[in-house]
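Have a look at the structure below before the remarks.
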Amino acid sequence: MVLKCNLITGRTIDQGRAYEGSKLSDEMTRAGAIVELDPDDMAELHIMTGSVVSIKTDFGEVIVRAIKSPNAPHKGVAFIPMGIWANQVINEDTTGIGTPSFKGISCNIEPAPGKKVLSPQEIAESFKS
Amino acid sequence: MGEIKEYTDCVCPFCGSLCDDIVLKVDENNEIVEVENACTIGTRKFFSSNELDDRVQAPMIRKNGKLVETDIETAINEAAKILINADYPLLYGFSSTEAGAQAVGIELAEEVGAILDNTASVCHGPTILAEQDVGASGATLGEIKARADVIMYVGSNPANAHPRHLSRYSTFIRGYFREKGIMERKLIVIDPRYTDTAKLATDFVQVQQGKDFELLSAMRAVLKGAEIPEEVAGVKKEKIIELVNIMKNAQFGVLFFGMGLTQTIGKHRNIDSAVLLVKDLNSFSKWIILPMRGHWNVCGANVVFTWQTGYPYSINFARGYPRYNPGEFSANDILIRKETDAALIISSDPISNFPKVSSEWLGKIPLIVIDPHKTPTTLIGDVVFPAAMAGIEAEGTGYRMDAVPIRMKKVKQPPNENILTDKEILEKILKKVKELRK
Ligand code: SF4
């Protein structure tokens with residue numbers, strides 16, 4: 001089952017706390033490597049809070065955990081906290097003004113049981129090869 | 001028990017609210033033991049200065065693919081050489097450091113003919129472009145606290161990103177002309193999600209994601225007496241009319257906006273239409289508009305860059321004088337086009353915050369990083385400097401989101417003598433560059 005969604009990124013208070021000094025910690029992964037989904041969308045995907053999902057866009061793929069959105073209803077809209085995971089899939093197009101397009105990216109979400117959620121270290125170090 | 005010193009009127013160096021009523025207690029081991037008045041994120045930031053495992057403790061350089069500790073002089077020398085040898089270096093960050101360090105950064109950029117950019121280019125850069133296009137009517141947060149009776153947050157979720165904004169400046173606080181606080185104010189939130197801020201609102205309008213421009217334009221149309229369709233951007237006509245009536249009848253209205261407008265399709269054009277809506281509203285009432293600046297001193301980066309170079313961000317010094325062109329000289333553009341051949345990152349973490357392609361290029365070029373904490377960017381740096389935390393371990397000036405400058409206190413020493421302030425590190429690199437060039 002694949003769900004087509006509109007992906008947006010933004011701040012959350014947990015992500016903000018983890019950003020302050022603990023950017024390489026498990027706390028950061030718990031706060032950042034998630035996607036908030038509308039409960040109806042989760043039902044369609046047959047997943048629960050904590051299920052591992054893959055998010056694919058034209059710009060990349062990332063593995064994160066789904067959680068039931070505390071800000072629902074927003075059917076068809078998927079939210080990832082800003083950070084290293086979100087940035088694996090956002091649209092880099094700066095539309096001629098220097099600012100990448102962090103919101104409004106069409107994506108495909110599907111359950112990915114057994115796949116690994118990467119740590120910030122693993123993602124960062126993949127850039128230094 | 002040893003002596004505990006109390007510092008009052010400290011300023012929180014996290015978000016653009018720059019709360020200046022923080023009380024800190026520091027013990028004789030140079031640790032912050034108590035934080036009063038700050039929100040959960042601010043409190044965390046103050047305490048993070050104690051957590052030495054998360055801090056960069058000594059200058060480091062990359063040898064045989066691994067970061068190894070070194071002395072400050074070697075690291076300065078290495079950084080200066082990288083900048084001198086580069087044809088098109090990038091100096092980026094600056095939003096979480098104080099104004100003095102920002103000023104030295106500009107001098108260094110001029111000296112090495114660099115691209116100079118700050119984090120506005122990924123957040124409120126579009127706001128600056130819109131303000132250059134159509135202007136903006138602003139006010140200080142103090143004015144808002146004293147007078148505002150209709151408060152709007154559009155594409156902004158301060159309950160999560162600026163937690164004390166509503167209670168200290170805009171909504172819940174009692175003001176000179178708003179003695180009953182929230183009882184005398186209306187809170188309107190426009191957002192595609194029912195955010196924590198929306199849950200507090202008197203009126204919540206759920207706009208379809210990416211349709212902000214349409215909604216703002218429809219509101220302007222209603223204000224001018226024009227007909228609009230039955231539904232715009234997922235919002236019913238009656239709701240839009242009701243909203244515009246509230247806005248028209250405000251005594252003093254304020255429209256705060258965030259990344260929901262600047263990073264959504266349309267970007268600066270969304271801000272254009274928000275500014276013009278506020279302009280139109282001023283025919284009926286008093287309205288102002290204010291961007292919700294994220295980093296505590298990103299506003300300062302724009303202010304300091306502007307009074308020193310003439311431009312707020314995305315500046316190119318390659319010809320020896322400053323040129324300005326967001327979209328051409330912005331950090332992400334020169335990284336995505338693989339044009340820059342070295343970078344110095346200060347008080348910022350682009351590996352966490354830039355699109356993947358930009359990070360990939362940062363991983364391939366010589367990278368100098370100045371940061372108090374270990375971050376994904378320090379992990380892949382080639383020369384890494386530990387820095388004192390500005391506003392906690394170093395004093396300086398920060399500019400609040402309304403461009404009011406506030407002096408930040410130093411309340412404790414950095415963890416060890418290897419750790420200099422951002423300004424000292426930049427000054428040393430600048431001096432070394434000049435020396436090596438002679
Ligand atoms: S609202 Fe912002 S400035 Fe104020 S305490 Fe919280 S993080 Fe710090």
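The values are calculated or read from the model by the stated rules, or taken from the named source; none is laboratory data. Just so it is clear, the model here is predicted, and its values are computed rather than measured. Quick reminder, even Gly has a Cβ in these numbers, built from the backbone with ideal geometry, and neighbours come from all protein chains shown. Calculation scope for accessible area: heavy atoms of the full protein, side chains included, ligands and nucleic acids excluded. Shrake-Rupley method; radii C 1.70, N 1.55, O 1.52, S 1.80 Å.
For the reader, a short list of remarks on this structure follows.
- Cα long-axis angle, helix B:212-223 against chain B (0 to 90 degrees, to the nearest 10): 40
- For residue B:145, the aspartates and glutamates whose Cα falls under 14 Å of its own Cα, not counting residues fewer than eight places away in the same chain, are B:179, B:184, B:402.
- Under 13 Å, Cβ to Cβ, from residue B:202 - net charge with Lys/Arg +1 and Asp/Glu -1: -1
- The residues B:68, A:52, sorted by heavy-atom accessible surface at 1.4 Å with ligands and nucleic acids left out, run B:68, A:52 from largest to smallest.
- Packing-based order for B:286-293, B:307-314, B:93-100, using average beta carbon neighbours within 10 Å, highest first: B:93-100, B:286-293, B:307-314
- Seen from all directions on average, segment B:93-175 presents a Cα convex hull projection of 7.4 nm².
- Normalised contact order of segment A:3-125, rounded percent, pairs of Cα under 8 Å and 6 or more residues apart: 37
- Chain B - percent relative contact order, Cα under 8 Å, separation 6 or more: 25
- Cα gyration tensor shape of segment B:125-291, rounded if a/c is under 1.5, else prolate or oblate by comparing a/b with b/c: rounded
- Three-way shape label, segment A:3-125, alpha-carbon gyration tensor, a/c 1.5: rounded
- DSSP-defined beta bridges in segment A:3-125 - what % are antiparallel, rounded to 5: 65
- The trypsin sites (Lys or Arg not before Pro) of segment B:168-262 that DSSP puts in a loop, and whose beta carbon has at most 15 other beta carbons within 10 Å, are B:174, B:180, B:224.
- Spatially proximal lysines relative to residue B:438 (Cα-Cα < 19 Å; intrachain offsets below 8 disregarded): B:81, B:428
- For residue A:123, net neighbour charge (Lys/Arg +1, Asp/Glu -1) across residues whose Cβ lies under 13 Å away: -1
- Among beta bridges that DSSP assigns inside chain B, antiparallel share in %, nearest 5: 40
- Total accessible surface hidden between B and A, rounded to 100 Å², 1.4 Å probe: 4400
- The angle between the Cα long axis of helix B:422-437 and the longest principal axis of the Cα atoms of chain B comes to about 50 degrees, rounded to the nearest 10.
- Over the C-alpha trace of segment B:5-48, radius of gyration and Dmax come out as 9.8, 31 angstrom.
- Peptide-level mean, for B:363-373, of C-beta atoms on other protein chains within 10 Å: 2
- Cleavage-rule hits (GluC sites (Glu not before Pro)) in segment B:159-251: DSSP loop, at most 12 neighbouring Cβ within 10 angstrom: B:179, B:227, B:230
- The angle between the Cα long axis of helix B:237-248 and the main principal axis of chain B comes to about 80°, on a 0 to 90 degree scale.
- DSSP assigns beta bridges within segment B:125-291; of those with both partners inside it, close to 15 percent run antiparallel.
- Separation of segment B:291-308 and segment B:186-242, taken as the distance between their Cα centroids, equals 30 angstrom.
- Three-way shape label, segment A:49-114, alpha-carbon gyration tensor, a/c 1.5: prolate
- Within the protein assembly as shown, helix-based [θ] at 222 nm, where runs of 4 or more DSSP H residues each add -39,500 (n - 2.57), nearest 500: -9000 deg cm²/dmol
- Pairwise label distance in nanometres, residue B:5 with residue A:93, each label 7 Å out on the Cα-Cβ vector: 5.5
- Measuring between alpha carbons in the structure, the pairs from B:338/B:431; A:23/B:356; B:211/B:279; B:267/B:374 lying more than 24 angstrom apart are B:338/B:431; B:267/B:374.
- Heavy-atom accessible area per residue - segment B:5-48, 1.4 Å, Å²: 37
- Average partner coverage of B:196-205, which counts Cβ from other chains inside 10 Å: 1
- Per residue of peptide B:116-125, the mean number of Cβ atoms on other chains within 10 Å of the residue Cβ is 2.
- If you take all other residues with their beta carbon under 13 Å from the beta carbon of residue B:115, and give Lys and Arg +1 and Asp and Glu -1, the sum is -4.
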